[in-house]
Amino acid sequence: DTQARGRVAVAACGEARSLCFSRVSHSAGRRFGRSVFGRLHALPTRWHAEHPTGEVAVAFGRGERGFRSLLGLLVFSVFPTLLELSLSVTILRRRFASHALGLVALGTFS
């Protein structure tokens with residue numbers, strides 16, 4: 001019974017995270033898409049004549065999906081890891097008044 005509650009809690013937290021992040025992700029994706037579209041639109045006519053519309057559209061879609069994927073990776077993996085590392089190093093340095101322990105924590109992480 002406790003295990004089932006734990007699974008439900010984990011699933012609920014994952015859904016809440018996705019709900020909160022989706023607004024940010026879509027907003028950033030739209031800004032990125034508008035920027036890329038503006039750059040594509042500014043290219044010379046010759047460039048557009050040499051590149052089929054379908055290929056450009058597929059590349060555009062892949063680029064936007066890749067951008068959202070990288071954004072999610074940064075927000076949910078890289079930034080929390082860097083935050084945890086910086087907090088750990090700070091706590092070790094202050095608690096034990098030793099820069100060496102902070103360096104050991106950094107070295108262990110590397």
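Below is a table of values for the structure above.
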item	result
Number of positions in segment 16-47 that are among the charged types (D, E, K, R) and open to solvent by less than 70 Å² (accessible area, probe 1.4 Å)	0
Residue that is nearest to E84 (Cα to Cα) [pool: residues in segment 95-110 that are surrounded by 13 or more Cβ atoms within 10 Å (Cβ to Cβ) and either polar (S, T, N, Q) or over 24 Å from the mean Cα position of the chain (by Cα) (or both)]	A105
Qualifying positions in segment 1-10 - assigned to a helix (DSSP H, G or I) and more than 16 Å from F76 (Cα to Cα)	T2, Q3, A4, R5, G6, R7, V8, A9
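The values are calculated or read from the model by the stated rules, or taken from the named source; none is laboratory data. On a predicted model such as this, the values are computed, not experimentally measured, just so you know. Heads up, the Cβs are rebuilt from the backbone with ideal geometry, glycines too, and the neighbour counts pull from every protein chain shown. Protein only, heavy atoms only, side chains kept; ligands, DNA and RNA dropped before computing areas. Shrake-Rupley method; radii C 1.70, N 1.55, O 1.52, S 1.80 Å.
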